[in-house]
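We did not get these values from a lab; they are worked out from the coordinates using the rules stated. Predicted model, so just to flag it, every value in this text is computed and none were measured. Don't worry about glycine lacking a Cβ; one is built from the backbone with ideal geometry, like all the others, and counts go over all protein chains shown.
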Amino acid sequence: MKYKIPTLQTERLILKKGSYEDYAKVYEYDFTRLKNIGGEFEFVKNDPEKLRCFETYADEEENVLDFIIYLKDNNQPIGNIVFDRYDDKNKSLEISCNLHPNYWKNGYMTEALLSAMEYVFDNLNIDNIIYGFAEENFKSKGLSEKIGFHYYYEDITHYIRIDKDVREIETIMSKEDFNEKYKNNKKI
């Protein structure tokens, strides 16, 4: 099913469909080099031309929502959230997210994720959201724990660029867990 990307608002943020220019700003740096995999943590600029396909990804694929996160006060694009990889067996979508390094440690991603997850659970026929990360990616691991995802399964992935096997951990949150933790307690 092709999802229509809504516009969502939080106290400080707007989540909506973005343009190529917005993706180029969000993905100024290669996020794969900012995950601390094998100790690699370096600011390497992306080639903006390689980002051209990002703008149309959600339009071309089934079961995809792709939000750009904007600061409400100045409409600056600061990150993105993608829901994709629908699994019919678990009625789940997988979530991935990135936040430009200039905006780390302000709670923006938590705020954006909770809003987007609420939308998915309330408006789509989805029972679970999966969130995966490389074990060494302490930022993603911390976000998973902060929001309250639970361990689901793990796998070993070989990162060719650094010639290293890395443990990939998948975590999960059910609609019931989300509602109990956030909606029923009026935390969002």
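Some notes on this structure:
- Filter result for the condition that a residue is touching a Cys at 6+ places or on another chain (Cβ under 8 Å) and hydrophobic (A, V, I, L, M, F, W, C), over 64, 44, 82: 82
- Enumeration of residues in the range 129-188 that are touching a residue at least 40 places away in the same chain (Cβ under 8 Å) and of a type in the set (Ser, Thr, Tyr): 131, 140, 159, 171, 174, 182
- Cβ-Cβ under 9 Å pairs, at least 6 apart or on other chains, the range 51-75 side more than 23 Å from residue 92 (Cβ to Cβ), far side surrounded by fewer than 11 Cβ atoms within 10 Å (Cβ to Cβ): 53/60; 72/11
- Each residue in the range 98-131 was checked for being touching a helix residue (DSSP H, G or I) at 6+ places or on another chain (Cβ under 8 Å) and not charged (D, E, K, R), and 15 pass.
- Residue match in the range 70-89 (condition: in a loop (DSSP other than H, G, I, E, B), more than 18 Å from residue 22 (Cα to Cα) and not charged (D, E, K, R)): no
- Leading residue by the ranking (nearest to residue 90 (Cα to Cα)) among those in the range 143-165 that are under 20 Å from the mean Cα position of the chain (by Cα) and of a type in the set (Val, Ile, Thr): 147
- Scope the range 41-90; condition among the charged types (D, E, K, R) and crowded, with 16+ Cβ neighbours inside 10 Å; matching residues: 55, 66, 84
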